[in-house]
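Since the structure comes first, as structure tokens, the remarks are kept for the end.
The values are calculated or read from the model by the stated rules, or taken from the named source; none is laboratory data. Since this is a predicted model, take the numbers as computed values, not measurements. When we count neighbours, we look across all protein chains shown, and the Cβ atoms used for this are built from the backbone with ideal geometry, even at glycine.
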Amino acid sequence: MKLVQFIIIFLFVLSLASCSSSKNFSTLQKELIRKENSLKPMRVFLITNKQDSLLLRKKSTYIKPNPKNNILKHFAQRLIATVTDSASLGVGIAAPQVGILKNIICVQRLDKTDLPFEIYLNPVIKKYSVKKRPCPEGCLSIPNTRAKTIDRAFRIFIEYDKLDGKHYAESVDDFVSVIFQHEIDHLHGILFIDHLLEETKKTKD
Ligand SMILES: [Zn+2]
């Protein structure tokens with residue numbers, strides 16, 4: 001009987017251990033993040049590269065919002081360094097775009113004073129407005145393509161965690177709403193060109 005109890009406890013501890021590790025970066029991801037200092041941009045993955053495009057189509061996973069996680073802080077700084085780098089200047093970027101399949105995005109808050117680039121962990125869209133916001137979109141991972149996307153919601157209600165470990169909820173609208181929708185799509189392996197294909201199909205029907 002005691003042996004059975006021991007096995008049950010052992011399996012329980014084992015499952016907890018594997019669970020907690022999957023909420024964090026893998027060894028390979030940690031190596032990629034730590035390869036350079038926090039001011040160095042990371043390489044942007046492109047759909048024109050076969051290996052890169054396979055990763056860009058994968059789903060990202062949950063990251064534990066632990067304020068004591070120094071690798072997470074280091075990654076957040078490198079993600080901002082990448083999106084503000086002159087070679088890849090944009091208004092937003094998602095972790096898969098630098099090869100890290102974790103639910104982390106960076107959005108330039110054009111609706112705030114000083115237009116800061118902010119990091120969001122595990123962002124989820126809870127509500128979409130019926131009103132649309134047609135917007136020409138581009139993507140750092142899709143070189144030389146800029147086109148109209150017509151099915152973004154004007155306003156979305158989002159929930160997310162931040163680097164301070166707290167959970168937040170807010171509504172964002174207009175162009176900032178479009179940026180959030182674009183970056184959150186990346187976490188599901190969706191690219192803006194997919195929406196264009198959908199729109200083309202609808203027009204044909
Ligand atoms: Zn993009």
A careful count of residues in the stretch 83-141 that are away from the ligand (no atom under 12 Å from the Cβ) and part of a helix (DSSP H, G or I) gives 2
Scanning the stretch 1-50 for residues that are at pLDDT 95 or above, farther than 22 Å from ASN103 by Cβ and not charged (D, E, K, R) gives THR48, ASN49
Of the residues in the stretch 44-72, those that are within 15 Å of the chain's Cα centre (by Cα), of a type in the set (D, E, K, R) and over 22 Å from ILE190 (Cα atoms) number 1
When the stretch 24-62 is checked residue by residue, the ones that are among the β-branched types (Val, Ile, Thr), touching a Lys or Arg at 6+ places or on another chain (Cβ under 8 Å) and without any contact (Cβ under 8 Å) to a residue 60 or more places away in the chain are THR61
